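Have a look at the structure below, then the notes.
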């Protein structure tokens with residue numbers, strides 16, 4: 001037996017999901033962060049964030065069309081993390097790194113938190 | 001998979017959804 005592994009399939013799927021998001025196709029939830037609104041797909045959110053996984057696996061909450069996050073969450077940090085979910089690229093700005101990390105803690109994105117920690121530590125070392 | 005010969009295909013795997021219609 002043999003199989004053909006399409007090595008870029010995961011990134012091709014993610015690219016298409018991001019195109020769907022940018023065109024607001026089949027997006028099924030609005031995330032409200034400090035009066036800013038972000039349209040997204042619940043499946044992508046819950047695949048990337050422990051918080052969203054908990055929300056959308058809760059039968060009482062899974063059909064909600066809008067989720068309002070804690071007002072302490074930074075909307076710029078959230079925007080960067082949402083882009084990361086759909087692109088695998090985390091835009092790091094020195095001025096926003098703490099906001100990104102705190103938002104990642106809130107969203108229960110532990111691996112991103114660890115990466116931010118390492119980035120801050122390496123910046124301090126320099 | 002163990003015991004399965006894997007051929008790697010490096011090209012695109014699916015169609016690309018355009019940015020806009």
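Taking segment A:59-96 as the range and being more than 22 Å from residue A:18 (Cα to Cα) and assigned to a helix (DSSP H, G or I) as the test, the residues that pass are A:94, A:95, A:96.
Are any residues in segment A:18-53 more than 13 Å from the chain's Cα centre (by Cα) and assigned to a helix (DSSP H, G or I), and if so, which ones? Answer for segment A:18-53, where residues must be more than 13 Å from the chain's Cα centre (by Cα) and assigned to a helix (DSSP H, G or I): A:19, A:20, A:22. Taken together, A:92, A:4, A:100 contain a single residue that is loosely packed, with under 12 Cβ neighbours inside 10 Å and either within 15 Å of the chain's Cα centre (by Cα) or within 14 Å of chain B (Cβ to nearest Cβ) (or both), which is A:4. The lone criterion from (1) crowded, with 19+ Cβ neighbours inside 10 Å; (2) touching a strand residue (DSSP E or B) at 6+ places or on another chain (Cβ under 9 Å); (3) over 23 Å from residue B:20 (Cβ atoms) left unmet by residue A:61 is number (1). Looking only at residues of segment A:7-40 that are within 14 Å of another protein chain (Cβ to nearest Cβ) and over 26 Å from residue B:11 (Cβ atoms), we find that the one that is surrounded by the most Cβ atoms within 10 Å (Cβ to Cβ) is A:27. Which of the residues belonging to segment A:106-126 are closer than 17 Å to residue A:31 by Cα and in a helix (DSSP H, G or I)? Once the filter is applied, which keeps residues that are closer than 17 Å to residue A:31 by Cα and in a helix (DSSP H, G or I), segment A:106-126 yields only A:106.
Here, each number is a calculation from the coordinates, and none is a lab measurement. Only a predicted model underlies this, so the values are computations on that prediction, with no experimental measurement involved. All Cβ positions, glycine included, derive from the backbone under ideal geometry; neighbour counts span all protein chains shown.
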